[in-house]
Amino acid sequence: MKKYLKIGLIIITLSQLGACSMAQLTVKASMPLIDGGVTAMNEQSDLGIAALAIPANISLIEGMLVNDPDNNKLRLYAAQAYYGYAFGFIEDGFIADGFNAQANPIRAAKLYEKGYHHAKQVLLSEGLTEQDLNGDLESLQQSINQLDNNAVAALFWAASCWAKSIDLNRDKAHNLAQLPKTVMLMQRVLELDEHYYMSGAHIFFGVYYGSKSPMLGGNYKLSEQHFSLANKANQDKLLVSKLLQAQYLERQRFNQQGFQDLLKQIIQASETLYPEQALINQIAKYKASLLLKKEELWF
């Protein structure tokens, strides 16, 4: 009797392990489709289609992560998708056929937080700990210094999502106190691979130094240098870099002419300027038109 009981337990255990493995194998077998979907979405020039498709893609990725929670590639895709959806369609709002979203910074902040959660899970797998991220700056810096190129993507998306969440919750002192940590994460990206994700680290620091007055830690010269490096690396084809320069640097230093010139360049840019990144360029065009409508409020 005991013999049969042991055999039964072994069969049950193996069947459970097999089910788990099959689910993970199914996810892994589906990764080429996900990779292709990400590429296709980046090339999508119709914002209405993208606005409706991205939530479905997020749900798909989240469902796949239920079956394969240690899939770091999926985690990073999720972080990127949450960031892109919040930035492109929720934070400032977006209206098109079949999609109507008023500006909703509160919801956008929550989406950025979800993105940060996914990127953070990858950072944890790379060696950082919750204690590092929640502790003092010196200890965090020591741990960050141990990370290598394998952690670049996680560092980038964690810093990007975390910083945006903080920016949209500036009324909470605790959140603002965490901002230096996002800078430390992104600084490591700059050190390891300054050209990762279209030189996104340079754009991050262009915003960081340009969005504050010098009295509060801003540095217009450094901001301009970072934006210039990003524009050069992208051959002036990535319109979002110019958008953020106008929104943060030129607005902060009250350069109305520079603000106008950059936004008009974006709006007048060819629809086929950067086919591989058509979506982010179309988002930049849409947001540029919104910013121009606010010009009289700021200058």
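The values are calculated or read from the model by the stated rules, or taken from the named source; none is laboratory data. Fair warning: this is a prediction, and the values are worked out from it, not measured in the lab. With ideal geometry, Cβ positions are generated from the backbone for all residues, glycine too; neighbour counts draw on all protein chains shown.
Some notes on this structure:
- When each of MET1, MET64 is tested for being surrounded by 17 or more Cβ atoms within 10 Å (Cβ to Cβ) and either at pLDDT 95 or above or not hydroxyl-bearing (Ser, Thr, Tyr) (or both), the lone residue that passes is MET64.
- Residues within the stretch 160-188 that are within 15 Å of ALA86 (Cβ to Cβ) and not polar (S, T, N, Q), tallied: 7
- Every residue from the stretch 34-59 that is touching a residue at least 60 places away in the same chain (Cβ under 8 Å) and either touching a Gly at 6+ places or on another chain (Cβ under 8 Å) or surrounded by 15 or more Cβ atoms within 10 Å (Cβ to Cβ) (or both): MET41, ASN42, GLN44, LEU47, ALA50
- Residues (among the basic types (Lys, Arg) and surrounded by fewer than 18 Cβ atoms within 10 Å (Cβ to Cβ)) located in the stretch 270-299: LYS293, LYS294
- PRO69 meets the conditions (1) in contact with a strand residue (DSSP E or B) (Cβ under 8 Å, 6 or more places away or on another chain); (2) assigned to a loop (DSSP other than H, G, I, E, B) in every case but one. The failed one is (1).
- Restricted to the stretch 140-229, the set of helices (runs of 4 or more DSSP H) holding at least 3 residues that are at pLDDT 95 or above comprises 152-167, 179-192, 196-210.
- The listed residue being surrounded by 19 or more Cβ atoms within 10 Å (Cβ to Cβ) and farther than 30 Å from GLN102 by Cβ, out of SER223, SER241, SER213: SER223
- Checked against the criterion of being in a helix (DSSP H, G or I), in contact with a helix residue (DSSP H, G or I) (Cβ under 7 Å, 6 or more places away or on another chain) and closer than 30 Å to LEU292 by Cβ, the stretch 122-132 has no qualifying residue.
- PHE254 passes every criterion in (1) surrounded by fewer than 18 Cβ atoms within 10 Å (Cβ to Cβ); (2) under 25 Å from LEU147 (Cβ atoms) apart from (2).
- Out of LEU263, LEU243, LEU239, LEU290, sole residue that is at pLDDT 95 or above, closer than 30 Å to ILE95 by Cβ and in contact with a Leu (Cβ under 6 Å, 6 or more places away or on another chain): LEU263
- The numbered conditions (1) under 17 Å from ASP132 (Cα atoms); (2) buried (at least 16 other Cβ atoms within 10 Å of the Cβ) are all true for LEU179 except (2).
- Among the residues making up the stretch 21-32, those that are under 30 Å from ALA278 (Cβ atoms), of a type in the set (A, V, I, L, M, F, W, C) and surrounded by 10 or more Cβ atoms within 10 Å (Cβ to Cβ) are VAL27, MET31.
- Any pair with Cβ under 6 angstrom, 6 or more apart, that starts in the stretch 271-293 at a residue that is at negative phi and ends at one that is among the small types (Gly, Ala, Ser): ALA278/SER45; LEU279/ALA50; GLN282/SER45; ILE283/GLY88
- When ALA154 is tested against the conditions (1) of a type outside the set (Ser, Thr, Tyr); (2) farther than 20 Å from GLU62 by Cα; (3) in contact with a Leu (Cβ under 7 Å, 6 or more places away or on another chain), the lone failure is (2).
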